[in-house]
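The values are calculated or read from the model by the stated rules, or taken from the named source; none is laboratory data. Keep in mind that what you see is a predicted model, and the values were worked out from it rather than measured. Quick reminder, even Gly has a Cβ in these numbers, built from the backbone with ideal geometry, and neighbours come from all protein chains shown.
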Amino acid sequence: MKADLWLAGILGYPVWRIEDASDGESLSALESDIPVFAYAKVGASDIASVSRLVGSGFLVVDVALTFDAGIIAPTSASDGVRLALPEDREAVARVARGAFRFSRFHLDPLVPNGIADTIKSAWAVNYFEGRRGDGMVVAERDGCIVGFLQLIWTAPDSLVIDLIGVDPAWQGQGIGRDMIVYAARHGTGDGRVPAGMTVGTQAANAPSVRLYESLGFRLASAQYVMHFHGVAMDKK
């Protein structure tokens with residue numbers, strides 16, 4: 001097990017990431033009468049590990065899908081998409097707080113939506129604090145930021161979509177597509193142009209799956225995402 005100090009700081013009690021589900025002694029350490037949270041990501045074909053975690057009290061909350069794409073074909077340019085500026089922090093945090101329905105925290109019935117929203121907002125703010133992300137793209141409409149795209153380089157020419165969110169009032173209008181195309185053309189603004197991109201989403205998020213496939217992304221892998229609650233969050 002490895003401590004997740006960032007998430008623990010948000011929840012206010014210990015959080016562990018399970019890196020090896022075969023270690024039964026470590027899993028038994030999760031048994032506690034104080035609040036504790038743990039999570040694991042297990043390959044879709046590793047049913048033995050899934051079974052072991054279920055037997056230890058873990059709950060399957062998500063099937064995480066990873067998609068890869070080569071160079072994304074150019075489409076018509078879109079106005080109102082640009083690289084984020086420091087002064088965009090609060091607007092991006094606002095969008096992140098209300099943009100998500102299908103994250104693993106939103107899908108977990110034991111995580112209140114308010115906590116799930118706070119986690120996503122804090123994740124996006126990490127970019128402005130220099131803690132996570134190599135770049136961010138934002139979309140503006142009517143003078144307001146309505147979407148953001150957080151990006152990480154994993155190799156000299158490979159770009160990961162770390163987090164993407166669009167204000168619910170503007171979803172379904174091509175804003176996510178516009179931001180992804182912008183990133184495919186301009187990267188993170190340091191002169192590098194990606195030769196490929198990777199993104200993860202949830203099997204429950206059919207609109208996102210359709211978007212990525214329409215842009216040429218193809219399924220690369222799938223994982224079960226599993227959560228453990230030592231004490232249910234809504235009973236803390």
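Any idea which of 8, 21, 40, 48 is at negative phi, assigned by TED's automatic domain parsing to the domain that holds residue 229, part of a loop (DSSP other than H, G, I, E, B) and not basic (Lys, Arg)? Please lay out each step first, then the result.
Numbers: 8 fails: part of a loop (DSSP other than H, G, I, E, B); 40 fails: part of a loop (DSSP other than H, G, I, E, B); 48 fails: part of a loop (DSSP other than H, G, I, E, B).
So the residue among 8, 21, 40, 48 that is at negative phi, assigned by TED's automatic domain parsing to the domain that holds residue 229, part of a loop (DSSP other than H, G, I, E, B) and not basic (Lys, Arg) is 21.
Given the options 160, 181, 125, name the one that is touching a helix residue (DSSP H, G or I) at 6+ places or on another chain (Cβ under 6 Å) and not basic (Lys, Arg).
Numbers: 160 fails: touching a helix residue (DSSP H, G or I) at 6+ places or on another chain (Cβ under 6 Å); 181 fails: touching a helix residue (DSSP H, G or I) at 6+ places or on another chain (Cβ under 6 Å).
Within the list 160, 181, 125, the selection yields 125.
Is there a residue being within 20 Å of residue 8 (Cβ to Cβ), assigned by TED's automatic domain parsing to the domain that holds residue 177, assigned to a helix (DSSP H, G or I) and of a type in the set (Lys, Arg) anywhere in the stretch 124-146?
no
Is it true that residue 188 is in a loop (DSSP other than H, G, I, E, B) and under 13 Å from residue 160 (Cα atoms)? It would help to see each step written out before you state the result.
Numbers: in a loop (DSSP other than H, G, I, E, B): yes; under 13 Å from residue 160 (Cα atoms): yes.
Yes, satisfied.
What pairs come out if I take residues in the stretch 197-213 that are in a helix (DSSP H, G or I) and pair them with residues that are hydroxyl-bearing (Ser, Thr, Tyr) whose C-beta lies under 7 Å away, six or more apart or interchain?
208/201; 209/201; 212/201
If we keep just the residues of the stretch 214-231 that are crowded, with 16+ Cβ neighbours inside 10 Å and either free of Cβ contacts under 8 Å to residues at least 40 places away in the same chain or part of a strand (DSSP E or B) (or both), which is nearest to the chain's Cα centre (by Cα)?
Residues of the stretch 214-231 crowded, with 16+ Cβ neighbours inside 10 Å: 215, 217, 223-230.
Those still in the list that are either free of Cβ contacts under 8 Å to residues at least 40 places away in the same chain or part of a strand (DSSP E or B) (or both) too: 223-229.
Working: 223: 14, 224: 15, 225: 12, 226: 15, 227: 15, 228: 19, 229: 20 Å.
Taking the candidates together, the pick is 225.
Please go through the stretch 99-123 and pick out each residue that is within 30 Å of residue 190 (Cβ to Cβ) and in a helix (DSSP H, G or I). Let's see the steps before the verdict.
Step one: of the stretch 99-123, the residues within 30 Å of residue 190 (Cβ to Cβ) are 99-100, 103, 119-123.
Scanning the stretch 99-123 gives 119, 120, 121, 122, 123.
Tell me, which residue of the stretch 154-188 that is among the polar types (S, T, N, Q) and over 19 Å from residue 79 (Cβ atoms) is surrounded by the most Cβ atoms within 10 Å (Cβ to Cβ)? Full working, then the answer.
Let us first name the residues in the stretch 154-188 that are among the polar types (S, T, N, Q), namely 154, 158, 171, 173, 188.
With over 19 Å from residue 79 (Cβ atoms) added as a condition, the list becomes 154, 158, 188.
Details: 154: 12, 158: 14, 188: 19.
Across the stretch 154-188, the extreme among qualifying residues is 188.
In the stretch 45-60, how many residues are in contact with a strand residue (DSSP E or B) (Cβ under 6 Å, 6 or more places away or on another chain) and loosely packed, with under 13 Cβ neighbours inside 10 Å?
Initially, the stretch 45-60 is screened for residues in contact with a strand residue (DSSP E or B) (Cβ under 6 Å, 6 or more places away or on another chain), giving 49-50, 53, 57-60.
Still in the list and also loosely packed, with under 13 Cβ neighbours inside 10 Å: none.
Summing the residues that are in contact with a strand residue (DSSP E or B) (Cβ under 6 Å, 6 or more places away or on another chain) and loosely packed, with under 13 Cβ neighbours inside 10 Å in the stretch 45-60 gives 0.
Can residue 132 be described as touching a residue at least 12 places away in the same chain (Cβ under 8 Å), out of contact with any Gly (no Cβ under 6 Å at 6 or more places or on another chain), basic (Lys, Arg) and within 28 Å of residue 108 (Cα to Cα)? First the steps, then the outcome.
On the way: touching a residue at least 12 places away in the same chain (Cβ under 8 Å): yes; out of contact with any Gly (no Cβ under 6 Å at 6 or more places or on another chain): yes; basic (Lys, Arg): yes; within 28 Å of residue 108 (Cα to Cα): yes.
So residue 132 passes the test.
Would the stretch 27-44 turn up any residue that is loosely packed, with under 15 Cβ neighbours inside 10 Å, without any contact (Cβ under 8 Å) to a residue 24 or more places away in the chain and touching a helix residue (DSSP H, G or I) at 6+ places or on another chain (Cβ under 9 Å)?
Looking through the stretch 27-44, none of the residues is loosely packed, with under 15 Cβ neighbours inside 10 Å, without any contact (Cβ under 8 Å) to a residue 24 or more places away in the chain and touching a helix residue (DSSP H, G or I) at 6+ places or on another chain (Cβ under 9 Å).
Give the stretch 189-210 a look and list any residue that's of a type in the set (A, V, I, L, M, F, W, C) and either under 17 Å from the mean Cα position of the chain (by Cα) or under 18 Å from residue 78 (Cβ atoms) (or both), or say none.
Of everything in the stretch 189-210, those that are of a type in the set (A, V, I, L, M, F, W, C) and either under 17 Å from the mean Cα position of the chain (by Cα) or under 18 Å from residue 78 (Cβ atoms) (or both) turn out to be 193, 197, 199, 203, 204, 206, 209.
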